[in-house]
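Below you'll find the structure, written out as structure tokens, and then a few comments.
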Number of protein chains: 4
Amino acid sequence: MIFVMRKGATEEEIQGVVRFLEEHGLRAHLSRGVELTIIGAIGDEQVLEPLPLQALPGVERVMPVMKPYRLANRLTRPEGTVVRVGRDTTRTTEIGGPELVLIAGPCAVEGRELLRSIARSVERAGAGVLRGGAFKPRTSPYSFQGLGEEALRMLREVGDELRLPVVTEVRTVHQVEPVARYADMFQVGARNMQNYDLLLEVGRARKPVLLKRGFAARIEELLMAAEYVMSQGNHQVVLCERGIRSFEPATRFTLDLSAVPVLKRETHLPVIVDPSHAAGKAHLVPALALAAVAAGADGVMIEVHCQPEAALCDGEQALLPTTLGRLAADLAAIRRLVNEADYLRPPS
Amino acid sequence: MIFVMRKGATEEEIQGVVRFLEEHGLRAHLSRGVELTIIGAIGDEQVLEPLPLQALPGVERVMPVMKPYRLANRLTRPEGTVVRVGRDTTRTTEIGGPELVLIAGPCAVEGRELLRSIARSVERAGAGVLRGGAFKPRTSPYSFQGLGEEALRMLREVGDELRLPVVTEVRTVHQVEPVARYADMFQVGARNMQNYDLLLEVGRARKPVLLKRGFAARIEELLMAAEYVMSQGNHQVVLCERGIRSFEPATRFTLDLSAVPVLKRETHLPVIVDPSHAAGKAHLVPALALAAVAAGADGVMIEVHCQPEAALCDGEQALLPTTLGRLAADLAAIRRLVNEADYLRPPS
Amino acid sequence: MIFVMRKGATEEEIQGVVRFLEEHGLRAHLSRGVELTIIGAIGDEQVLEPLPLQALPGVERVMPVMKPYRLANRLTRPEGTVVRVGRDTTRTTEIGGPELVLIAGPCAVEGRELLRSIARSVERAGAGVLRGGAFKPRTSPYSFQGLGEEALRMLREVGDELRLPVVTEVRTVHQVEPVARYADMFQVGARNMQNYDLLLEVGRARKPVLLKRGFAARIEELLMAAEYVMSQGNHQVVLCERGIRSFEPATRFTLDLSAVPVLKRETHLPVIVDPSHAAGKAHLVPALALAAVAAGADGVMIEVHCQPEAALCDGEQALLPTTLGRLAADLAAIRRLVNEADYLRPPS
Amino acid sequence: MIFVMRKGATEEEIQGVVRFLEEHGLRAHLSRGVELTIIGAIGDEQVLEPLPLQALPGVERVMPVMKPYRLANRLTRPEGTVVRVGRDTTRTTEIGGPELVLIAGPCAVEGRELLRSIARSVERAGAGVLRGGAFKPRTSPYSFQGLGEEALRMLREVGDELRLPVVTEVRTVHQVEPVARYADMFQVGARNMQNYDLLLEVGRARKPVLLKRGFAARIEELLMAAEYVMSQGNHQVVLCERGIRSFEPATRFTLDLSAVPVLKRETHLPVIVDPSHAAGKAHLVPALALAAVAAGADGVMIEVHCQPEAALCDGEQALLPTTLGRLAADLAAIRRLVNEADYLRPPS
């Protein structure tokens, strides 16, 4: 932590900061410049984090030096984390290993037969995880909200038939238990990225968590949300970039693909990308999926529907199964290219 | 709802949209222009809202004409809503009437004596509601998270002593019951504005709700969040602008004061402003509070602390009690001026 | 300047930075912490500014301590600057003094009689400067681009008749000479805030400059643009907040009123606000103008038109002359209140 | 153009809009819905564009139906435009054809020998155009501003030696003539994207223009800027995405790769990406360059320096020549894959 004192700060104010640091078990290191005095805090910076340092008399600015995330920090696990998804009735899919992971399925589970038909097509395309919403977060209370527990049962049934692990969104604390029962991975949606009670609850569960970036969350805040989950002992977290809010109306959200190489450098957790929700339009999804894998993503999550114009939720952005199959082959080819490009590796 | 067909849309595609509308009980109104065909949907547009209209073959764009919020729409209650906060052990404070409402208190409840001392000063300054956090949403799991139910009890006790109604944040569904027991108004924080389960739960309770705008929420989305609460029968909702995310780092958030006159025109619900969280720095708060009232806000919510540099939460942005008193008098003066400026009134 | 070294930086890299600083005439101050080494640069930090410090081997981050603006910095003129606008055929209007300044007029000069009629009404409302565009920057090449030099002549003529100083936009270097001839103040528009050649050119002229904030410019960048003008010897700069780009579509831009108190603290230059372009809708302008003055602005710039629905440019946002008169009186009342609120003063 | 009338608009107001349209040579098409009246304008919508339609009495909202760009619209040239860069002393490089184009070189030209050395390395890596700044736009007036005309001469000399066409930024109208003399392509920088006088001037020249997206410009505004250039007869325009401003501080700008497929669909002009300025950090550039090509870009523009830590401008983001070579091969491989993926083609 570095304290920059106000120009004209008094000696008393400077000594006040020094004393404050010493009282908290740190050493102060003074640099008196021509115009400004700077005080470096040496020792365990973490004890200062909860304190209103900026409110200390004479302090102009406080600049943290350490990253606030610890468990998620790449330094704690430089080799990277591989998250395993599945149960004894399914295959096990690894996210974060050399192979690209395709997570695909309908936005919402709308019925057993439709789900089965979509699931078969995504399985044929090489998907490693089946997705499908049971509890849908919708901007309007008048929109379709999902089939709830009934959808969970269908998801489980179809997943078991195809031996595909399934992921579904959990929207609130008391859905954690039923979702844990039926699904193989929790999804925490963008609107809940800072729903801290939910993060703590899935942190106490023992299933992998797919954590989506809030659409106004900084990368550092996404990592702090992961830190909430991990602080409860659950380190099986996969991060997902899905678009941030900007002034550009041509897409629903602005997919921030720079977040992929930034995250790969900052954290050991796997990183995937959801181009469907960012684009909001099916015709943009394939190009963005290819770009995501080229940027280094460990996987992509794509919405698929056999009859998009009849979908009860977000049909505008759903790919047809036939497109998915051809796209998947190209995604895998780019993944191989990226795996071999050692100039992309962070320096170790 | 207006459908703009793609240039070169076939007659079959055009008739497909017409049929689609008729199947849903609406009439289609065709305009065949030089270059484009446009189809207007006449009838109850609401039945179309949940459907993936953009995915219909040949459709280029769908433009809604109606506002998606109904209960919150100003048209349903042009005279405006007055929200009453209080219980038999306190005074009743009206939000949305002619008088400006000051909601003030510490960011977090840190202890009984400190709370009492701050509460007395805000009461002297003319505050109508006492605020204080019991369950704090914090970016880091390592920061102070609030004293929980103990804080609720202190808040109630001090509120009763001074006959001041109290408001406190509710972060998750299972806190709704205890908060309802001790507090007079729920606060739903910016990070939970789209926590729909929480919105539904406070909508089922029978206490006023102070609903803060998410920092990446459009004004329309804030109104849809209010609509969630109101859809359960609770119409006592106060909206709160508290800053949105932008590229400007000089303030913690960018206070969007234009939202105040926009909201006053769009909805009958009262609108207040929280300049403390937006600014993130105490020295900016008074100017922004004055501006908020000049922009037409029905109230302001301000954080106060007797010893900001020792606060356990957000001390940087807390005003001293002495400043609050002088500010409050000026806020009231501006409110009177605004009340008399009939050129500000929306045309009726 | 503070250099944070990468975790695991070698001794050689650390000494490399020390040597680099010494070669540039600064002293290095090392703090070796538990995890990180930090190097403070003591001496004239300005010599380092143009250099790619982040590219030095072993450096993780470089944090500047000094503000990059010098001439615009409040510290160089704590008493504030008053900019005087006018010539011998007009009154002299002071911007930055105790009195609020109203700059008003049509978006574009469309004809002599119309200009005269609008100008009379703004003069009656108490305006201190008449505005009117001659060279209009328009998003579309097919929109009305202004009457050019003819408009300048009308502006001068009407200004002289009413003894009102006039301001008009200068869009490119070779318009500086004619605009200087006819107008009393240059306006540099938001789209040109980083048109450095234009900034240098008006910096060489000897007329006041009204510099609008670019709609994606940080406050610091606005101050650096002022620094460009001032670096050429012209210190008569008035800064203007006019809205920034955000994700909110309800207004054309998001008026950032926090910029007003931030700027008043950072710089000695006067600060005004243009609510018309930010709002984009006339009915929002009065509330935002009141808010701007309450936030501490030294003036407001407002578009006025006698017949908005026939205006050739931005008629949607123009106030009627009658509204302006009543608004002006309230603006002045709020200014008096702000002038007396000593708790708003930055600590000296 | 579609006019949505205010709820409760009078018959007189409705007829006013109808008359207004007819006076401008269009036909009005009324749809009287249950709650709202909508008026479609049928005919040449372009005549309405400059008019303040929103200010017509009784009008709630005006929704344009046609795209405001005409010359740049893909519909006018569905087969796409190929821009040819070069002169008789160099090869001719095609941008927009099947082959990927690499534009590379130093941020600024700093000296003849350094330029030659960098140019050789980029030529070896397969670059089709050499870049190098002569007139640099810099946020601070105290930063290195480029060597001006001297740099232009060096660029020409080195370009001719290697038979590489050269591109350099033109910052203001009076630089258009000298830049046209020495360079083979104008670059209009992000800060000048709405410097309309400059756009018109390069529009009158007869050299290709590389037009960078302003960092707060919507895609539609970028296309309108191209329209300015094209309106003067110069249709040789290449668009360049280089990052937009967002709230995310991890990168200098947020590279908006969704803009690539959106632009490819909306316009026939070639689209390239500059990952260097967006990232601001060299280690992020390769991943973003790969992603840009996967998203469908026709080329990438990359900054290269032999000794980044000594660069006079933006050394932090410059790649080493050795990295460039290996990256270039992978970029070409991805381009081939994209060329063959027919599911990416816009429907014709």
Query raised in the report: With r defined as the distance between the Cβ atoms of B:GLU49 and A:GLU177 and R0 fixed at 25 Å, what FRET efficiency is calculated, to the nearest 0.05?
Result: 0.20
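Assigning unit charges at the beta carbon (Lys, Arg +1; Asp, Glu -1) and nothing else, what dipole magnitude in debye, to the nearest 20, does the stretch D:167-265 show about its Cα centre?
My answer is approximately 140 debye.
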**Report entry** Overall form of the protein assembly as shown per C-alpha gyration tensor (a/c, 1.5; a/b vs b/c)
**Finding:** rounded
Query raised in the report: Considering only B:PHE20, B:MET193, B:GLY40, whose Cα is most displaced toward the positive end of the charge dipole of chain B, charges sitting on Cβ of Lys, Arg (+1) and Asp, Glu (-1)?
Result: B:MET193
Report summary line: For the stretch C:2-63, Rg(Cα) over 2.2 N^0.38 Å is 1.00
Report summary line: Rounded to the nearest 5, the percent of antiparallel DSSP beta bridges in the protein assembly as shown equals 40 percent
Query raised in the report: Going by how many other Cβ atoms sit within 10 Å of their own, how do B:MET193, A:MET63 line up, fewest first?
Result: A:MET63, B:MET193
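If you count, for every residue in B:330-336, the Cβ atoms of partner chains within 10 Å of its Cβ, what is the mean?
Across B:330-336, the average partner-chain Cβ count within 10 Å equals 3.
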Report summary line: In chain B the DSSP beta bridges are antiparallel at a rate, in percent to nearest 5, of 40 percent
Report summary line: Expressed as a whole number, the average count of other chain Cβ atoms within 10 Å around the Cβ atoms of C:226-232 is 2
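Explain nothing, just the number: relative contact order of chain C, from Cα pairs under 8 Å at least 6 residues apart, as a whole percent.
Computed over chain C, the figure is 16 percent.
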Query raised in the report: With each run of n ≥ 4 DSSP H residues scored as -39500 (n - 2.57), what mean residue ellipticity at 222 nm is computed for the protein assembly as shown after dividing by its residue count and rounding to the nearest 500 deg cm²/dmol?
Result: -9500 deg cm²/dmol
**Report entry** Net dipole in debye of the stretch D:63-214 [+1 Lys, Arg Cβ; -1 Asp, Glu Cβ; about Cα centre; nearest 20]
**Finding:** 440 debye
**Report entry** For the stretch B:254-300 versus the stretch A:1-54, the gap between their alpha-carbon centres in whole angstrom
**Finding:** 34 Å
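For the stretch A:74-344, give the magnitude of the charge dipole about the Cα centre (Cβ charges: +1 Lys/Arg, -1 Asp/Glu; no others), in debye to the nearest 20.
Values: 33 positive and 33 negative charges, 29 e Å.
In total the dipole reaches around 140 debye.
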Query raised in the report: Fewest first, what order do C:MET5, D:MET185 take by the number of other Cβ atoms within 10 Å?
Result: C:MET5, D:MET185
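Rounded, prolate or oblate for the stretch B:74-344? Axes are the square roots of the Cα gyration tensor eigenvalues, ordered a ≥ b ≥ c, and the cut-off for rounded is a/c under 1.5. Please list the in-between numbers first.
Numbers: a/c = 1.25, a/b = 1.10, b/c = 1.13.
Judged from the Cα gyration tensor, the stretch B:74-344 comes out rounded (a/c under 1.5).
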Query raised in the report: Straight-line reach from C:LYS207: which lysines have a Cα under 23 Å away, not including same-chain ones fewer than 8 places off?
Result: C:LYS136, C:LYS264
**Report entry** Which of B:VAL229, C:VAL82 has the fewest Cβ neighbours within 10 Å, and the rest in rising order
**Finding:** C:VAL82, B:VAL229
Query raised in the report: Once the other residues with Cβ under 13 Å from the Cβ of A:MET1 are scored (Lys, Arg +1; Asp, Glu -1), what is the net sum?
Result: -1
Query raised in the report: Which is farthest toward the positive dipole end of chain C among C:SER246, C:LEU290, C:ALA55, measuring Cα position about the Cα centre, with Cβ charges +1 (Lys, Arg) and -1 (Asp, Glu)?
Result: C:LEU290
Query raised in the report: For the stretch A:74-174, what does the alpha-carbon gyration tensor say about shape, rounded, prolate or oblate, given a ≥ b ≥ c as the root eigenvalues, a/c under 1.5 as rounded, and a/b over b/c as prolate?
Result: oblate
Report summary line: Counting other chain Cβ atoms within 10 Å of each Cβ in C:83-96 and taking the mean gives 0
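The numbers here are math on the coordinates, done by the rules we state, and not lab data. All values reported here derive from a predicted model rather than from experimental measurement. Counting neighbours? That spans all protein chains shown, and the Cβs are built from the backbone with ideal geometry, glycine included.
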